[in-house]
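This report concerns only the one structure given below.
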Amino acid sequence: MADRITLQVTRYRPEQEAEPSVQEYEVPLHKDWAVLDGLNHVKDHLDGTLSYRWSCRMGICGSCGMTVNGEPKLTCATFLSDYAPGPVRVEPLRNFPVIRDLVVEITDFMTKLVKVKPWIVREEEKPLSDGEYLQTPAEMDEYKQFSMCINCMLCYSACPVYGLDPQFIGPAAIALAQRYNLDSRDEGSADRLDVLSEHEGVWACTFVGECTRACPKDVDPAGAIQRYKVTAAMESVKSFLMPRGDR
Amino acid sequence: MTASHDVVIVGGGGAGLRAAIAITETNPRLSVAIVSKVYPMRSHTVSAEGGAAAVIAPDDSLDEHANDTISGGDWLCDQDAVEAFVNEAPQELLRLEHWGCPWSRQPDGHIAVRAFGGMKKRRTWFAADKTGFHLLHTLFQTSLQHEHVVRYDEWFVTKLLVDDGRVRGVVAIELMTGRIETITANAVILCTGGCGRVYPFTTNANIKTGDGMALAYRAGAPLKDMEFVQYHPTGLPFTGILITEAARAEGGWLLNKDGYRYLQDYDLGTPSPTPVLKSMELGPRDRLSQAFVHEAEKGRTVDTPYGQVVHLDLRHLGAEVINTKLPFVRELCLDYEKIDPIRELIPVRPVVHYMMGGVHTDLDGATGLDGLYAAGEVACVSINGANRLGSNSLPELLVFGARAGNAAAEYASTPSGPSPAVLAQAREETHRLERELLNRTGGREPISTIRTEMQETMEENVGIYRAGDSLGKAANRVRELQERIHSAAIEDHSRTFNTQLTAALELACMLDVAEGIVHCALAREESRGAHQRTDFPARDDQRFLAHSLIRRDPDGPPRVEYLPVTITRWPPGERIYGR
Amino acid sequence: MSERSERTTSRYTEFYPELYRSPISIFWWLERRSYLLFVLRELSSLFVAWSVVYLLLFINAVRQGDAQYREFLDWAASPWLLVLNLVSLVFVTFHAVTWFNLTPQAMAVRLRGRRVPRSWIAGSAYLGWIVVSAFVAWLLVGA
């Protein structure tokens, strides 16, 4: 294995240019280095003006999502040696507007998160003095997978529907809604139904399945969405056969 | 440009979010804002793994939790604070459960607890081995229902505005646009976390640069117990990634290069096949890290390209236990060490993990400055004393986040309003940022050079074992670096998401914090908990059963004074583990 | 400073973010193998629709009697229809295989507390397909 590798990094400096361009940097190739280590080497020793987000460097905070050789990846968990001899193309996360270099704007996602009401909704809250809501390990298993989302948005980047139609509420938001819908302590499924069964909700999804492929935490958002389609369809049928006056 | 709120919370992690929820739930008419340099779900709370301790088992008691914490802290904990903490921790964790936190359960559906280092009884609640992640996401998602909490996401606070001894607001940069804004407030709560990045090997994320500690220090609030820096015994070499204490709580062993469980040589008990509470691998973190240093001196640690390591052996736990109780540990080892803990030994070494010290506060988060509060790792109440027990810091976020929130809310009902002096300070800060930083030309050295030198100085001279002469050297070096940073190169003059600017600001914060650590370490001439002096190897309760309080002095080196520890029911004794 | 073309001169205003939105090409689906397979899968539904129409026409011809039936068979033997039906067969098979493989993701079935493995769910769909096909073959050939 050679001891250096070239990174082709997208640069975008809005004060200077109207469109992004590519800049090449040669960095050392160590077998333990992630793409993020390469970028840090660029920033620390070659070009301090490169901007990108990162924090935990252990794949749990979700900050460092970027497009590496065309695929959405967490740069802290993607290793340079897997791309040897290179070059490695590092671009900002697709389907999001670019603020600067490798930094994208995620306020759309933050708004959508709130829309699905990702909190426990209950008719009546149990007082703390009564202790915990009982939940068996089997009941936790129902939603556990969907609770693993680190909000890295690789799924939004991979989703062609979101790319073509940014109104689509998106994989992570729906998976999070399911995490609460399937939590035995939650009673808010009805509250989330409207948002999820909108045209831009689950029905915009055509089960491409790229979101699940891209997810670094095995959340399987595509599964969450399809399962919710079944739920939403059943709700439609029920409300047609047995209409309730006010809902 | 100015915005104005009743309470401004700096930092959106566990403590900050809990404070915001506390305020908005009890005082819905107050205007609350969270100003964070990262989106809240990126806060470092997210990477905590092991668990959160609170008394819940029928055979456990608050006094025992308090005793474990106080002796674990080598009697430097304020016992009234510890009593309040152990009392409120169970309610806080239960509140999180009601908010949806997926605590791991027993088969009957009740909350499960596990053993943890330094605790005599099983009282650590856990959510698989991603407790911090679930805690933070639960808090963040719960906070979303409170629409009145205003969030300033990716705004970097650079200065606290102080007038007439009272904090009146902050100056912050909106990272996306480069706008420098003044946010006035009746009360400010610092929840900015610790400062692990002052050292080269740390479990801490890039964002842990001690910003809040520096802000308070510069504004005149004293920092407390800064010399107490916790080394976690099991971090991965090179990356410093945390391998949770839970791995040892489930039964992992620490082996030296001969496959020997070396902790038995250091008065930590005798080895047994299954974990014994408060013994061997479940001893306190400071003692385990110190044992590593001695093993390395004896040449019994393993040599690797990334320095000396020992081995964490999980093989005897079996695939079932590892996959159900420690799945994240396995994932981390596979990804970052290319090792499967089911079959192989994990290389580990002590790495900086937590800062016991911080902004001096009382039980309600009030600091030495009116209107300024602090909670979480940034603060030092102190419940952790000279050494923190694992799984105490997550409940600390919740208990003191809520307390600080409530106290700040009460204080904020006495309005302050921006005086001309405050606005002048804000303008001055804006000019400083623009003139000295954004438009700096001709800088000589890269920021990374100064940062690396600081980190190396700290690791060499202010590490697990310290001595007077090397501490003196470190103090001089830090002073020198604080001069050199004024001519560090800032080539990025963009307003848009300028991370070179933030790196420079963070480095300045880290140097101030380093100054605090070194001078407190120099002044404390004894060994206690995580502060070990080779020239003063014994604990000295006569002179030093007190907290070091350090204040910035504009005309010279910082002043260190001592504040006696509050002792209520647990007189200082010997720390006994394994017997 | 070198000349910049008009295209790359920025229109930036201080303090206002000039976000860059990269355009999506009409041929986005050619960029990745998985996207291409997805679009083909969606396209296959047209051929599924055709197979249904063809089957209905077939049944109608049978219903109308011997002469109509023979006319239909002649028509079915014309080259273009043969090609169409062959292509349809390929696509309908592709459709079935992809949907059988995707079904487990859409269904979380629990039996006695444990989640049924994906291969069982997909497997049972394939099994059903084989059984029905075997039955139809027996009807056409055996009976």
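Residue B:57 satisfies every condition listed in (1) more than 25 Å from residue A:58 (Cα to Cα); (2) at the interface with chain A (Cβ under 9 Å from one of its Cβ atoms); (3) not β-branched (Val, Ile, Thr) except (2). Is it the case that residue B:471 is touching a strand residue (DSSP E or B) at 6+ places or on another chain (Cβ under 9 Å), within 14 Å of chain A (Cβ to nearest Cβ) and either within 27 Å of residue B:233 (Cα to Cα) or assigned to a helix (DSSP H, G or I) (or both)? No: the conditions fail for residue B:471. Within segment A:56-67, being of a type in the set (S, T, N, Q) and either surrounded by fewer than 24 Cβ atoms within 10 Å (Cβ to Cβ) or closer than 15 Å to residue B:130 by Cα (or both) holds for one residue alone: A:67.
From the list B:9, B:70, the lone residue that is touching a strand residue (DSSP E or B) at 6+ places or on another chain (Cβ under 7 Å) and modelled with pLDDT of 95 or more is B:9.
The residue of segment A:148-183 that is nearest to residue B:101 (Cα to Cα), among those that are touching an Asp or Glu at 6+ places or on another chain (Cβ under 6 Å) and in a helix (DSSP H, G or I), is A:180. The number of residues in segment B:137-154 that are of a type outside the set (D, E, K, R), facing another protein chain (nearest Cβ under 9 Å) and not in a helix (DSSP H, G or I) comes to 2. Here segment B:173-196 is the region considered, the condition is being under 13 Å from residue B:152 (Cα atoms) and hydroxyl-bearing (Ser, Thr, Tyr), and the residue that is farthest from the other protein chains (Cβ to nearest Cβ) is B:182.
Among the residues making up segment A:46-68, a single one is polar (S, T, N, Q) and more than 7 Å from chain B (Cβ to nearest Cβ): A:67. Please enumerate the residues belonging to segment A:133-156 that are touching a strand residue (DSSP E or B) at 6+ places or on another chain (Cβ under 7 Å) and within 18 Å of residue A:210 (Cβ to Cβ). Within segment A:133-156, A:152, A:153, A:154 qualify. Total residues in segment B:523-537 satisfying the condition of being assigned to a loop (DSSP other than H, G, I, E, B) and of a type outside the set (Asp, Glu): the figure is 7.
Does segment B:34-49 hold any residues that are under 30 Å from residue A:131 (Cα atoms) and over 15 Å from the mean Cα position of the chain (by Cα), and which are they? Scanning segment B:34-49 gives B:40, B:41. Going by what's in this entry, would residue B:353 be described as under 24 Å from the mean Cα position of the chain (by Cα), under 25 Å from residue B:71 (Cα atoms) and within 14 Å of another protein chain (Cβ to nearest Cβ)? Yes, satisfied.
Candidates are the residues of segment A:19-44 that are more than 13 Å from chain B (Cβ to nearest Cβ) and polar (S, T, N, Q); the one that is surrounded by the most Cβ atoms within 10 Å (Cβ to Cβ) is A:23.
Within segment B:65-107, the residues that satisfy the criterion of being within 30 Å of residue B:538 (Cα to Cα) and without any contact (Cβ under 8 Å) to a residue 60 or more places away in the chain are B:65, B:86.
This table checks each residue for (1) at pLDDT 95 or above; (2) more than 30 Å from residue A:49 (Cα to Cα); (3) out of contact with any Cys (no Cβ under 6 Å at 6 or more places or on another chain).
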position	(1), (2), (3)
B:494	no, no, yes
B:510	yes, no, yes
B:514	yes, no, yes
B:519	yes, yes, yes
B:525	yes, yes, yes
B:536	yes, yes, yes
B:555	no, yes, yes
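Of all the residues that make up segment B:325-347, how many are within 14 Å of another protein chain (Cβ to nearest Cβ) and without any contact (Cβ under 8 Å) to a residue 40 or more places away in the chain? Residues flagged as within 14 Å of another protein chain (Cβ to nearest Cβ) and without any contact (Cβ under 8 Å) to a residue 40 or more places away in the chain within segment B:325-347 amount to 6. Scanning segment C:20-70 for residues that are facing chain A (nearest Cβ under 8 Å) and out of contact with any strand residue (DSSP E or B) (no Cβ under 6 Å at 6 or more places or on another chain) returns C:21, C:22, C:24, C:28, C:29, C:31, C:32, C:34, C:35, C:38, C:42.
Mind checking whether some residue in segment A:192-202 is modelled with pLDDT of 90 or more, small (Gly, Ala, Ser) and in a helix (DSSP H, G or I)? No, segment A:192-202 contains no residue that is modelled with pLDDT of 90 or more, small (Gly, Ala, Ser) and in a helix (DSSP H, G or I). Being in the same structural domain as residue A:219 (by TED's automatic domain parsing), under 15 Å from residue B:99 (Cα atoms) and either surrounded by 20 or more Cβ atoms within 10 Å (Cβ to Cβ) or among the hydroxyl-bearing types (Ser, Thr, Tyr) (or both) is the requirement here; does residue A:186 meet it? Taking the combined requirement at face value, the residue satisfies it. The sole residue among B:203, B:192 that is crowded, with 24+ Cβ neighbours inside 10 Å, of a type in the set (Ser, Thr, Tyr), touching a helix residue (DSSP H, G or I) at 6+ places or on another chain (Cβ under 6 Å) and at pLDDT 95 or above is B:192. Do we find that residue B:57 is farther than 21 Å from residue A:138 by Cβ and either touching a His at 6+ places or on another chain (Cβ under 7 Å) or not in a helix (DSSP H, G or I) (or both) in this structure? Taking the combined requirement at face value, the residue satisfies it.
Only a single item in (1) of a type in the set (A, V, I, L, M); (2) out of contact with any strand residue (DSSP E or B) (no Cβ under 8 Å at 6 or more places or on another chain); (3) modelled with pLDDT of 95 or more is not met by residue A:2, and it is number (3). Quick one: what pairs do we get from segment B:429-447, first residue exposed (fewer than 14 other Cβ atoms within 10 Å of the Cβ), second of a type outside the set (Lys, Arg) and at pLDDT 85 or above, C-beta under 7 Å, 6+ apart or different chains? If the second residue must be of a type outside the set (Lys, Arg) and at pLDDT 85 or above, the pairs left are B:439/B:493; B:444/B:487; B:444/B:489; B:445/B:488; B:445/B:489.
With respect to being aliphatic (A, V, I, L, M) and without any contact (Cβ under 8 Å) to a residue 60 or more places away in the chain, residue B:38 falls outside the description.
Here residue B:303 fulfils each of the conditions (1) assigned to a strand (DSSP E or B); (2) surrounded by fewer than 24 Cβ atoms within 10 Å (Cβ to Cβ); (3) in contact with a Phe, Trp or Tyr (Cβ under 7 Å, 6 or more places away or on another chain) apart from (3).
If the condition is being within 8 Å of chain B (Cβ to nearest Cβ) and either under 23 Å from residue B:40 (Cβ atoms) or crowded, with 16+ Cβ neighbours inside 10 Å (or both), then segment A:108-135 contributes A:110, A:113, A:114, A:117, A:118, A:119, A:120, A:132, A:133, A:135. Considering only residues that are surrounded by 12 or more Cβ atoms within 10 Å (Cβ to Cβ) and aromatic (Phe, Trp, Tyr), look in segment C:56-90 and name the one that is nearest to residue C:133 (Cα to Cα). Once the filter is applied, the top-ranked residue is C:58.
Scanning segment B:199-234 for residues that are more than 16 Å from the chain's Cα centre (by Cα) and within 25 Å of residue A:40 (Cα to Cα) gives a single hit, B:234.
The values are calculated or read from the model by the stated rules, or taken from the named source; none is laboratory data. Remember, it's a predicted structure, so these values are computed and weren't measured experimentally. In this analysis, Cβ positions are derived from the backbone assuming ideal geometry, glycine residues included, and neighbour counts consider all displayed protein chains.
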